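Presented below is the structure to which this report refers.
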Amino acid sequence: VDAAEARLQRLGFAVRVRESHESVRTGDWVRVEDLATPEDAANALAQLQAAGIADAYLLGEEEVGNVISLGVFTDAARAREVSAVARAAGFEPRTVEREREADVFWLDIDRQASAGLPSTEQLGVDAAQVPPLELRRCPAPAEATPATVAPGA
């Protein structure tokens, strides 16, 4: 964030760093649900692992029902591949979006009168080394609260 902020300022953009805590997408969670008994789940797990899904595991008791996790994938194509393997093994996998709470840093960038917004290339960061970049409209600036003067001041 600091490097991108400095680079954008050198390019003439007005930039403010804003931190927030929000839900962020971590990937597609592929799972096999609604297995009738723990024994059914153990048998299904063995079948899925034999079919080539080595990372499959039975979720702990905190989860409702008997559920096998086949993995959380940032690559949607990989999630589809694992789902296809599970289907070929005789199961009906379900894919759900997985999120978690995280600290997120935003660069609020003012548009330049003649140039608009910078491109992601102008940030000067290696996209492979940072989480996905997202472009959003900045929230409205907070209203300035008039200062109150204590009585007798």
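The values are calculated or read from the model by the stated rules, or taken from the named source; none is laboratory data. Just so it is clear, the structure is predicted and the values come from calculations on it, not from any experiment. Please note: Cβ atoms are built from the backbone with ideal geometry, for glycine as well, and neighbour counts cover all protein chains shown. These area figures cover heavy atoms from the full protein model, side chains too; ligands, DNA and RNA do not enter into them. Shrake-Rupley method; radii C 1.70, N 1.55, O 1.52, S 1.80 Å.
Things to note:
- In segment 1-92, GluC sites (Glu not before Pro) in a DSSP loop with at most 12 other beta-carbon atoms within 10 Å: Glu61, Glu62, Glu63
- With θ taken as phi - 60° and the Karplus curve 6.51 cos²θ - 1.76 cosθ + 1.60 applied, the whole-hertz 3J(HN,Hα) list for segment 68-73 is 10, 8, 9, x, 10, 10 Hz, x standing for glycine and proline.
- Local net charge near Asp108, Cβ-Cβ under 12 Å (Lys/Arg +1, Asp/Glu -1): +2
- Put simply, the Cα atoms of segment 13-71 extend 60, 25, 13 Å along their principal axes, the longest span coming first.
- Candidate residues Arg136, Arg98: accessible-area rank, largest first, probe 1.4 Å: Arg136, Arg98
- Remark on Gly71: its backbone amide H falls under 5 Å from those of Val30, a criterion applied only to residues 5 or more positions apart or on other chains, H modelled at 1.01 Å from N.
- A 1.4 Å probe run over the protein chains yields, for segment 1-117, 62 Å² of accessible area per residue, whole-number rounding.
- Formal net charge of residues neighbouring Ala14 (Cβ-Cβ distance under 14 Å; K, R +1; D, E -1): +2
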